[in-house]
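As structure tokens, the structure follows; a few thoughts come after it.
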Amino acid sequence: FHIHLGYTMIAIVFFSTILFFTFFGVLCNSGDQNFCDKFTSEIMITGYVILALLLMVGVTSYLRDVIPYELFYRLHYLVFVLYAVTTAHTLDSMHRNSERVRSQSFKWYAAPLLYYL
């Protein structure tokens, strides 16, 4: 079950990232510099890291019969790094300066993470 759940999560994040880039790209190309600047913002960089970590876990999961099992197993621990980066993703400079309240996604996965530990 968790294999299909993982692939579903990766697909949702991947396609939502494409839609997000499309939305921001269209607005950036229309001349709105604010949207162009957001491609290099702190929250965007953590988003890039989240996508990269998810893709690494997803690719190694797909290739688990081809690559050494130890590599597959160790790279799956990147999920814990993913939790940390996801927390950092919601605690960007705008949140720290109290300019905007971000959704605190770590509240949503704290219980499953505690259950795992």
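The values are calculated or read from the model by the stated rules, or taken from the named source; none is laboratory data. The model shown is predicted, which means the values in this text are computed figures rather than measured ones. Cβ sites come from the backbone with ideal geometry, for glycine too, and all protein chains shown count toward neighbours. What goes into the accessible areas is simple: the full protein's heavy atoms, side chains included, and nothing from ligands, DNA or RNA. Shrake-Rupley method; radii C 1.70, N 1.55, O 1.52, S 1.80 Å.
Observations, loosely collected:
- A110 being surrounded by 14 or more Cβ atoms within 10 Å (Cβ to Cβ), part of a helix (DSSP H, G or I), hydrophobic (A, V, I, L, M, F, W, C) and modelled with pLDDT under 85: no
- Figure legend. Inter-residue proximity from the range 50-73: first residues touching a residue at least 40 places away in the same chain (Cβ under 8 Å) and closer than 22 Å to H89 by Cβ, second residues open to solvent by less than 90 Å² (accessible area, probe 1.4 Å) and in a helix (DSSP H, G or I), beta-carbon distance below 6 Å, spacing 6+ or different chains. Indicated pairs: L54/I10; L54/V13; V57/L78; G58/I10.
- Residues in the range 15-30 that are open to solvent by less than 80 Å² (accessible area, probe 1.4 Å) and either among the hydroxyl-bearing types (S, T, Y) or under 13 Å from the mean Cα position of the chain (by Cα) (or both): S16, T17, I18, T22.
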